[in-house]
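Reviewing the structure listed below.
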Amino acid sequence: MTSEAFAFWLAEPGRGEIRPVTLAGPGPDEVLVRTLHTGVSRGTETLVFTGRVPESQWSAMRAPFQEGDFPAPVKYGYLNVGRVEQGPPDLLGRTVFSLYTHQTRFIAPKGAVTVVPEGVPAHRAVLAGTVETAVNALWDARPLVGDRVAVVGGGMVGGCAAAILARFPGVRLQLIDVDPGRAELAARLGADFATPGEALDDCDLVIHASATSAGLTRSLELVAPEGTVVELSWYGDQQVTVPLGEFFHSRRLTIRGSQVGGIVPGRRRTYADRLALSLDLLKDDRFEALVTGHSPFSALPEVLPRLADGSLPALCHVIDYPEE
């Protein structure tokens with residue numbers, strides 16, 4: 001059997017289009033999934049959309065179900081929630097998360113989909129990949145009860161990190177952003193808010209997710225002697241300037257990179273464990289604050305340019321697929 005599907009492709013940097021796809025029936029160890037929602041990862045996907053993935057990172061930045069090559073044409077994306085239409089009985093009819101692209105229907109190995117727990121709305125489950133990034137960063141950071149923590153950058157990743165940290169007992173937590181409008185987001189996540197100039201210093205730990213040199217510099221200023229800044233930003237081809245010639249050495253500061261592709265040694269958790277944890281965390285309604293807009297799949301070629309140039313402000317922008 002074959003069926004018709006449609007997928008979003010980056011035809012050339014700055015221009016996307018929807019193309020038809022013909023699917024064969026799933027094999028014995030595969031599932032056929034009808035997509036309900038996908039999420040646009042604003043940081044990474046807008047860099048891909050504008051053709052700003054450095055050639056040195058083309059291999060490292062491949063999405064699990066990517067087709068084509070950077071800079072274009074390429075089919076890219078990795079925040080997909082759908083319903084299994086064909087497959088093993090234990091998965092049939094279940095809502096699942098996968099790292100698939102923006103496509104109306106797709107076939108994938110059954111091991112590539114994870115069941116969304118009861119109590120997690122399907123549209124919110126698209127955040128699972130971003131929550132994974134935040135979970136991984138906190139495994140790297142190892143915050144302790146009672147720590148003084150700042151999250152610099154109130155986007156998707158910073159917001160997810162703040163939502164998790166807000167559950168730690170005794171933590172002094174500030175979400176820091178240049179946009180005073182993010183104060184409402186901070187309140188909904190359970191964190192205090194400050195602009196960079198108002199932020200409290202003497203932090204044991206700073207999570208940096210603003211993707212700016214100014215944000216990383218401010219993170220170093222806020223952290224206490226012997227403290228750590230965990231760098232979550234991915235800058236693409238952007239050059240970053242950091243004042244390592246000032247107090248960096250005398251205060252014995254640490255900048256630690258964190259990337260979702262690797263789990264800190266000794267953590268004794270698998271990637272499947274991390275994803276299952278992330279989906280379970282999404283039962284918490286505070287994550288709903290990060291879902292800031294919806295658009296139909298048919299509008300995706302017009303939506304991504306607006307997300308890339310900032311004319312469509314959003315944290316997690318959800319793409320909704322037609323019901324059939």
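Evaluate the range 273-290: report whether one residue or more is of a type in the set (Phe, Trp, Tyr), surrounded by 14 or more Cβ atoms within 10 Å (Cβ to Cβ) and assigned by TED's automatic domain parsing to the domain that holds Glu231. Scanning the range 273-290, I find no residue that is of a type in the set (Phe, Trp, Tyr), surrounded by 14 or more Cβ atoms within 10 Å (Cβ to Cβ) and assigned by TED's automatic domain parsing to the domain that holds Glu231, so the answer is no. The set of residues from the range 249-277 being touching a residue at least 60 places away in the same chain (Cβ under 8 Å) and either among the polar types (S, T, N, Q) or not in a loop (DSSP other than H, G, I, E, B) (or both) comprises Arg256, Ser258, Gln259, Ala272, Arg274, Leu275, Ala276, Leu277. Here Ala224 passes the criteria (1) surrounded by fewer than 17 Cβ atoms within 10 Å (Cβ to Cβ); (2) out of contact with any Cys (no Cβ under 8 Å at 6 or more places or on another chain) except the one numbered (2).
State whether the residues of the range 20-30 include one that is under 20 Å from Ala211 (Cβ atoms) and out of contact with any Pro (no Cβ under 9 Å at 6 or more places or on another chain). No; the residues of the range 20-30 include none that is under 20 Å from Ala211 (Cβ atoms) and out of contact with any Pro (no Cβ under 9 Å at 6 or more places or on another chain).
Residues considered: Leu173, Leu200, Leu222, Leu165. Of these, the only one that is in contact with a Leu (Cβ under 6 Å, 6 or more places away or on another chain), over 22 Å from Gly43 (Cα atoms) and not charged (D, E, K, R) is Leu173. In summary, Asp237 fulfils each of the numbered conditions (1) at pLDDT below 95; (2) farther than 24 Å from Val135 by Cα; (3) out of contact with any Pro (no Cβ under 9 Å at 6 or more places or on another chain) with the single exception of condition (3).
Kindly evaluate Glu324 against the criterion of being part of a loop (DSSP other than H, G, I, E, B) and of a type in the set (Asp, Glu). Spelling it out, Glu324 is indeed part of a loop (DSSP other than H, G, I, E, B) and of a type in the set (Asp, Glu).
Taken together, the criteria place Gly39 among residues that are surrounded by 22 or more Cβ atoms within 10 Å (Cβ to Cβ), assigned by TED's automatic domain parsing to the domain that holds Pro301 and among the small types (Gly, Ala, Ser). Scanning the range 14-69 for residues that are over 18 Å from Val260 (Cβ atoms) and among the β-branched types (Val, Ile, Thr) returns Ile18, Val21, Thr22, Val31, Val33, Thr35, Thr50. Residues that are assigned to a strand (DSSP E or B), among the hydroxyl-bearing types (Ser, Thr, Tyr) and touching a residue at least 40 places away in the same chain (Cβ under 8 Å) were ranked within the range 11-52; the one that is farthest from Val115 (Cα to Cα) is Thr38. All conditions in (1) under 30 Å from Phe297 (Cβ atoms); (2) surrounded by fewer than 18 Cβ atoms within 10 Å (Cβ to Cβ); (3) without any contact (Cβ under 8 Å) to a residue 60 or more places away in the chain hold for Gln86, with the sole exception of (3). From the list Phe8, Phe65, the one residue that fits, being assigned to a loop (DSSP other than H, G, I, E, B), more than 24 Å from Gln238 (Cα to Cα) and touching a residue at least 40 places away in the same chain (Cβ under 8 Å), is Phe65. You will find that of Leu144, Leu79, Leu173, Leu138, the residue that is within 28 Å of Thr22 (Cα to Cα) and not β-branched (Val, Ile, Thr) is Leu79 and no other.
The values are calculated or read from the model by the stated rules, or taken from the named source; none is laboratory data. Computed from a prediction, not measured in an experiment: that's the story for all the values here. As a convention, Cβ positions derive from the backbone with ideal geometry for all residues, glycine included, and neighbour counts pool all protein chains shown.
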